[in-house]
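Below you'll find the structure I mean.
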Amino acid sequence: MGNFCACLAPKSIKKKPTKRLLNPPLPTNSSKRWTRVRSSRKEKPDAALTQEQVLAAAILFQQHQQHNARDPFDRTTSLRYPKSGSKNSNTLPRSSSSRARSLTDPLLQPHQLVSENVKLEDIETNHFVLVHGGGFGAWCWYKTIALLEEAGYKATAIDLTGSGVHSFDPNRITSLLQYVQPLTDFLEKLAEGEKVILVGHDFGGACIAYAMELFPFRIAKAIFIAAAMLTNGQNTLDMFSQQAGADDLMQQAQTFSYTNGNSHPPTAINLEKSLLRDLFFNQSPAKDVALASVSMRPIPFAPILEKLCLSDLKYGSVRRFYIETPEDNAIPITLQDSMINKSPPQQVFRLKGADHSPFFSKPQALNKLLIEISKIKTPS
């Protein structure tokens, strides 16, 4: 998503190469150390074998203490600044989450992700419903689903109409209701009293807002990740038009489909595959960029034009949280801050080093924040 007010013909602008930090040296692989110990078992006496195992274990424990003593989340830190006591009463509580800048983000163990002081059965719901952004599909959440389930949560990723494996033609989508129908159908079929945590990315933010207005009683929390968080009477085009003239990369990436003829509005937005990395995945692993390049589909245009009707009684009753992505080239951090200031959520988190697709670039840190938010209790 981005500046949809751009001229339809791309400007001739030279694109600056994206700067990347080199991968840091990988830590010593402890599994190799233990492989050597096991392979020498037949050749060494029991006493010598035991001594070497104890020594190796001591070294591993010391390394673990050095890297993790101050943080059980494998160098991921989360610092919250509470609202109380602040001189500025309008200041939002913010959380900053950062990891060592690396294209590799190794899996954490479940006990590192779930606090021992909070049990899953004590939270309001452990069911996340993940809603993709424009052009994406349920496929983009594959890392997030695996990590949440590994931590004991339930995760459901939705393919919106004409997205992912949904077979409908995006050019034939004529309304936001039609586009969001797979999500609203899912929420409607939930058991009585069951609630979920809605997570929306990119244009998925407008989609979950639409669902929040329809089913506020079935949504415990709503999390916006680099997403369109709109106000009443606003459409996604209005929000992104604030970046008019400033988002040259998005202008270059966009082409429009006119299935109904050139005298009618566009029916879909297509994105140039050669620019996907710089636009959406400038900090993401190459394998995920490759996955996206063969999986992304056109973005239906009609839903972007539709103004949302959001009420305080329904939409406003659901607790909202926002996760910012400061390395975002599609929805710049300035635009994210603007949306937050116009419609303040309960809490804001900043995912340091994340591009527009943190489920690829920072999956562990994103997963940790999702779990943190799930454990935030309802104010009494």
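Enter the Cα centre distance for the pair segment 220-243 and segment 343-362, rounded to the nearest angstrom.
14
From the protein chains alone at 1.4 Å, what is the descending order of accessible area for Lys352, Lys377, largest first? Display every interim value, and only then the final one.
Numbers: Lys352 100, Lys377 165 Å².
Accessible-area ranking of Lys352, Lys377, largest first: Lys377, Lys352.
Any idea of Val289's accessible area? Nearest 10 Å², probe 1.4 Å.
20
Averaged per residue, what accessible surface does segment 281-380 expose to a 1.4 Å probe, in Å²? Please list the in-between numbers first.
Details: 3390 Å² over 100 residues.
Roughly 34 Å² per residue, with all protein chains present.
Which entries of Lys154/Lys314; Lys314/Lys375; Lys143/Lys362 show an alpha-carbon separation above 19 angstrom in the structure shown?
Lys154/Lys314; Lys314/Lys375
Pop a pseudo-label 7 angstrom from the Cα along the beta-carbon direction at both Lys377 and Glu188 and give the gap in nm to one decimal.
3.7
Oh, and also: Compute, for His166, the solvent-accessible surface of its heavy atoms (probe 1.4 Å) with the complete set of protein chains present, and express it in square angstrom to the nearest 10.
Surface accessible to solvent at His166 totals approximately 60 Å².
Quick one: ranking Glu188, Glu272 by accessible area, 1.4 Å probe, largest first, what do you get?
Values: Glu188 115, Glu272 85 Å².
Greatest to least solvent exposure: Glu188, Glu272.
If you don't mind, another one. What does the net charge come to around Thr236 if you take all other residues with beta carbon closer than 10 Å to its beta carbon, with K and R at +1 and D and E at -1?
Every neighbour counted, the sum reads -2.
What do the square roots of 5 times the Cα gyration tensor eigenvalues come to for segment 248-380, in whole Å, largest first, as semi-axes of the equivalent ellipsoid?
29, 23, 13
Put +1 on the Cβ of each Lys and Arg and -1 on the Cβ of each Asp and Glu in segment 212-325; which of Phe280, His264, Leu291 then has its Cα farthest toward the positive end of the dipole?
Leu291
Let me ask something else about it. Would you calculate the separation in nanometres between label points at Ala286 and Asn260, each defined as 7 Å from the Cα along the Cα-to-beta-carbon direction?
4.4
Separate question: What accessible surface, in Å², does a 1.4 Å probe find on Ser343, ignoring ligands, DNA and RNA and rounding to the nearest 10?
Rounded to the nearest 10, the figure is 10 Å².
Suppose the chain between Ser317 and Gln178 were pulled fully straight at 0.36 nm per residue; how much longer would it get relative to their current alpha carbon spacing?
47.6 nm
Evaluate the Kirkwood expression for the hydrodynamic radius of segment 261-313, namely the inverse of the mean inverse distance over all pairs of different C-alpha atoms, and round to one decimal in Å.
Values: mean 1/r = 0.0729 Å⁻¹.
Evaluated on segment 261-313, it is 13.7 Å.
The values are calculated or read from the model by the stated rules, or taken from the named source; none is laboratory data. Every value quoted in this text rests on a predicted model; they were computed, and no experiment measured them. A quick note on method: Cβ atoms are made from the backbone with ideal geometry, for glycine too, and the neighbour counts reach across all protein chains shown. Quick note on the areas: whole protein, heavy atoms, side chains included, nothing else; ligands and nucleic acids left out. Shrake-Rupley method; radii C 1.70, N 1.55, O 1.52, S 1.80 Å.
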